Amino acid sequence: MFADSVAASSSLSDRVAQLLRRVDYRRAESNNEREAIFRLRYEAYLREGEISPSFSKRFTDQVDEEENTWNFGVYIDGLLAGSIRLSVTIHGCSRLPALGVFSEFLLPEIDAGKTIVDPTRFVADRASSRRHPELPYIILRLPWIAMTYFKADLMLAAVRAEHQAFYRRLWGCQVVCPPRPYPGLHSHISLMTCEHATVQDQVHRRYHFFQSDAVERKLLFERERCR
């Protein structure tokens, strides 16, 4: 059983590594890049039944304007294939999307000075997902790289109950709160966390593609910090 698991992880790592050669991660900074991501989000969340139809056909909120938020587009062969939003607690900037829902779990961690990465709005283009089943791992490299760059203590996963097993297997996340209502979405959402220092070596051994170098991390995340 263990040998089969290792072989499966190795095979996945090889496929992801091959696809990464065709991938470009871009911070969404221009209006056109942001609007493309908001439309992709809308299509994905509507397809999942998480939001109601809207005339604007875009899905965005105040978090997208926060100083401690990074929005990324994930491009394969130059075409937008997915996106994810990362919010990070930095000195003077502790706002997180999950904070309003899970404050009793997160405020003590923030008050203790811990750095937290909160990935949200994780979406993929439907056609790209069908062509590239490795796409979720490609997109989820970004919050993992952020954990390293910001020397973060905790990764959050605010997810539906049916997605818990995936995050437990991927990063060793543990459930800290069962599903509860989450503003803006139709489903109830649970909170999972993982401690980066505890799981880092194990994750890198199993999924080599989550590793990054200083140059990549700097290109992705370095910008004027919050004041």
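Numbers for the structure displayed
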read-out	value
The chain: DSSP helices with Cα axial extent of at least 20 Å and average Kyte-Doolittle hydropathy no lower than 0.0	2-20, 135-149
Rounded FRET efficiency, nearest 0.05, which uses the C-beta distance separating residue 202 from residue 14 and R0 of 22 Å	0.70
Residue 77 versus residue 212: modelled label distance in nm, points set 7 Å from Cα along the beta carbon direction	2.6
Sites residue 50 and residue 165, calculated FRET efficiency, Cβ-Cβ separation with R0 25 Å, nearest 0.05	0.80
Cα-based equivalent ellipsoid, the stretch 2-160: semi-axes from gyration tensor eigenvalues, Å	26, 22, 15
Potential extension, residue 223-residue 57 segment - 0.36 nm per residue separation minus Cα distance	56.8 nm
Two-site FRET efficiency, residue 112 against residue 180, from Cβ-Cβ distance with R₀ of 25 Å, rounded to 0.05	0.60
Whole-Hz couplings from phi, Karplus 6.51/-1.76/1.60, listed for the stretch 75-86; x for Gly and Pro	10, 10, 6, x, 9, 5, 10, x, 7, 8, 10, 10
Euclidean distance of C-alpha centroids, the stretch 105-148 and the stretch 179-227, integer Å	5
Amide H contacts of residue 122 (H built 1.01 Å from N, under 5 Å, at least 5 apart or other chain)	85
For residue 115, residues with placed amide H under 5 Å, excluding near neighbours	153, 154
Amide hydrogen neighbours beyond the local backbone of residue 81, cut-off 5 Å, H modeled	74, 75, 76
Solvent-accessible area per residue, Å², over the stretch 111-212 with all protein chains present [probe radius 1.4 Å]	45
Cβ charges +1 (Lys, Arg) and -1 (Asp, Glu), total dipole of the chain, debye	460
Gain upon complete extension [residue 91, residue 27; 0.36 nm per residue less C-alpha separation]	20.9 nm
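The values are calculated or read from the model by the stated rules, or taken from the named source; none is laboratory data. What you see is a predicted model, and the numbers here were worked out from it, not measured in a lab. Glycine also receives a Cβ, built like all others from the backbone with ideal geometry; neighbour counts cover every protein chain displayed. To get the accessible areas, we keep the full protein, side chains included, count just its heavy atoms, and leave off ligands, DNA and RNA. Shrake-Rupley method; radii C 1.70, N 1.55, O 1.52, S 1.80 Å.
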